[in-house]
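Here, each number is a calculation from the coordinates, and none is a lab measurement. These numbers were taken from a predicted model, which means no experiment stands behind them. Cβ coordinates were reconstructed from backbone atoms using ideal geometry, including for glycine residues, and neighbour counts include every protein chain displayed.
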Amino acid sequence: MDQKKFLITTPEHDDVTHYCSVWSNEIINLAKEKGLDIINLNKEKANKNNFETRIKSNKPVFIMFNGHGTKNEIYGDKEEILIQEDNNEYLTNCAIVYARSCFSLSSLGKKCCKIGGAKAFIGYFFPFMFVSDPNRCATPIKDTLAEPCLSSSNQIPISLLKGNDVQDSVSKSKNQMDKSILKWKVETTVEAQIVVACLMWNKKALGFEGNPKIIL
Amino acid sequence: MSENADEIKIVLERIRLMPRTIQLNIGTFGSFTRDKLLDEIENKTEVGCLVTDMYMAYLRSFKEDVK
């Protein structure tokens with residue numbers, strides 16, 4: 001039987017994408033452990049040509065985007081459009097999609113499921129936010145301020161890779177956010193307040209379209 | 001998005017207390033230090049309004065906790 005394919009984009013052209021890329025390593029490592037074939041479009045490899053070619057030739061069952069976006073499109077390296085509503089949403093056909101991208105669920109996610117044929121699309125209605133310590137930009141994984149938001153958003157692909165369905169994976173992520181909110185809410189520093197505000201915001205922004213019971 | 005003058009005042013006061021050593025990353029809009037955030041909020045830009053909404057939702061959550 002063919003190995004299941006997992007395509008992930010990890011551009012790194014600014015602080016936000018760099019952090020998301022580094023924090024994606026735990027997802028990639030788990031996917032390897034679970035026996036998936038990983039296609040990582042890292043840095044400049046996260047371009048439209050690569051994206052389209054690799055999807056068409058590999059037909060991944062799981063696609064994860066790290067990158068900026070609008071309600072109609074998601075970008076790769078240096079804001080090159082990878083996927084765009086009313087253009088190439090068909091590339092998500094038969095896949096579960098997770099987009100750690102702003103506004104992706106507002107419109108594009110719906111089109112990917114209804115027109116593109118994606119089994120499910122998990123994303124954010126509003127911008128994804130997190131706090132960071134610029135002194136940690138060389139080692140984002142050690143940034144304790146960024147951890148609550150990035151770790152809880154990682155919970156979605158981790159849960160999917162462990163065999164949970166889309167609805168449960170989103171719930172697990174939101175439960176982790178709730179635990180972090182309780183933990184950080186007792187802190188009195190302003191940075192803790194902003195971390196909690198980001199967690200609450202991301203929890204409200206996170207959602208999905210498509211089949212809630214689908215698994216990888 | 002919020003353009004309520006009282007809410008903006010509250011959030012500005014809060015953000016002024018934010019250390020200069022941290023930044024708020026707002027997806028597509030980029031990364032913002034304290035001073036950049038204050039400018040965005042004062043000028044009621046899209047980012048400024050988003051941050052005001054985010055912070056007010058956080059403050060309102062305490063009212064919910066009490067209930």
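So what's the net charge close to A:Gly109: Lys and Arg +1, Asp and Glu -1, counting the other residues with Cβ under 13 Å from its Cβ?
+2
Relative to the Cα centre, the charge distribution of chain A, modelled as +1 at Lys and Arg Cβ and -1 at Asp and Glu Cβ, gives a dipole magnitude of about 680 debye.
As a test of the definition: which semi-axes, in Å, follow for region B:5-62 when you take the square root of five times each eigenvalue of its alpha carbon gyration tensor? Largest first, please. Walk me through the numbers before you get to the answer.
On the way: eigenvalues 53, 32, 28 Å².
The equivalent ellipsoid of region B:5-62 has semi-axes of 16, 13, 12 Å.
Computed on chain A, the Cα convex hull volume stands at 103 Å³ per residue. Placing +1 on the Cβ of every Lys and Arg and -1 on the Cβ of every Asp and Glu, with nothing else charged, gives region B:5-62 a dipole about its Cα centre of roughly 220 debye. When the Cα positions of A:Gln155, A:Cys20, B:Asn4 are compared along the charge dipole of the protein assembly as shown, A:Gln155 comes out farthest toward the positive end, with charges on each C-beta of Lys, Arg, Asp and Glu. Averaged over the residues of A:126-133, the number of partner chain Cβ atoms lying within 10 Å of the residue Cβ comes to 6. Computed from Cα positions, the angle between helix A:166-185 and the longest principal axis of chain A comes to roughly 20 degrees.
Quick one: compute the contact order of chain B, relative version, from alpha carbon pairs under 8 angstrom and 6+ residues apart, as a percent. Each step should come with its number before you reach the end.
Numbers: 56 pairs, mean separation 22.5, N = 67.
It comes to 34 percent, rounded to a whole number.
Close amide H partners of A:Leu206, meaning residues 5 or more places away or on another chain with modelled amide H under 5 Å apart, are A:Phe125.
Need the C-alpha centroid separation for region A:35-54 versus region A:60-138, integer Å. Cα centroid of region A:35-54 versus Cα centroid of region A:60-138: 14 Å apart.
As a test of the formula, what do you get for chain A when each DSSP H run with n ≥ 4 contributes -39,500 (n - 2.57) and the sum is divided by the residue count, at 222 nm and rounded to the nearest 500 deg cm²/dmol? Write down the numbers at each step before the final one.
Numbers: 7 runs with 87 residues, N = 216.
One gets -12500 deg cm²/dmol as the mean residue ellipticity at 222 nm.
Among the listed pairs A:Lys5/A:Lys45; A:Lys183/B:Lys67; A:Lys78/A:Lys179, give every one whose C-alpha distance is greater than 28 Å.
On the way: A:Lys5/A:Lys45 17 Å; A:Lys183/B:Lys67 20 Å; A:Lys78/A:Lys179 35 Å.
Going by Cα-Cα distance, A:Lys78/A:Lys179 fall outside the 28 Å limit.
Mean per-residue shielding of peptide B:58-65 is 3, counting Cβ atoms of other chains within 10 Å of each Cβ.
Sorted by mean Cβ packing within 10 Å, highest first, what order do the peptides B:18-24, A:29-35, B:31-37 take?
On the way: B:18-24: 18.4, A:29-35: 13.4, B:31-37: 16.9.
With the highest mean Cβ count within 10 Å placed first, the list reads B:18-24, B:31-37, A:29-35.
How much of the DSSP bridge set in chain A is antiparallel, in percent, rounded to the nearest 5? Before the final figure, lay out the partial values.
Details: 9 of 27 bridges.
Percentage antiparallel, nearest 5: 35.
Order of A:97-103, B:57-63, A:12-18 by packing, highest average Cβ count within 10 Å first? Kindly include the intermediate steps, with their values, before the conclusion.
On the way: A:97-103: 27.0, B:57-63: 13.4, A:12-18: 20.0.
In descending order of packing, they fall as A:97-103, A:12-18, B:57-63.
The mean number of Cβ atoms from other chains found within 10 Å of a Cβ in peptide A:156-167 is 0, as a whole number. Considering all C-alpha pairs of region A:117-216, those separated by over 16 Å amount to 57%. Ranked by the mean number of other Cβ atoms within 10 Å per residue, highest first, peptides A:71-77, A:206-212, A:187-193 order as A:71-77, A:206-212, A:187-193. For chain A, the relative contact order comes to 19 percent (Cα pairs under 8 Å, sequence separation of at least 6).
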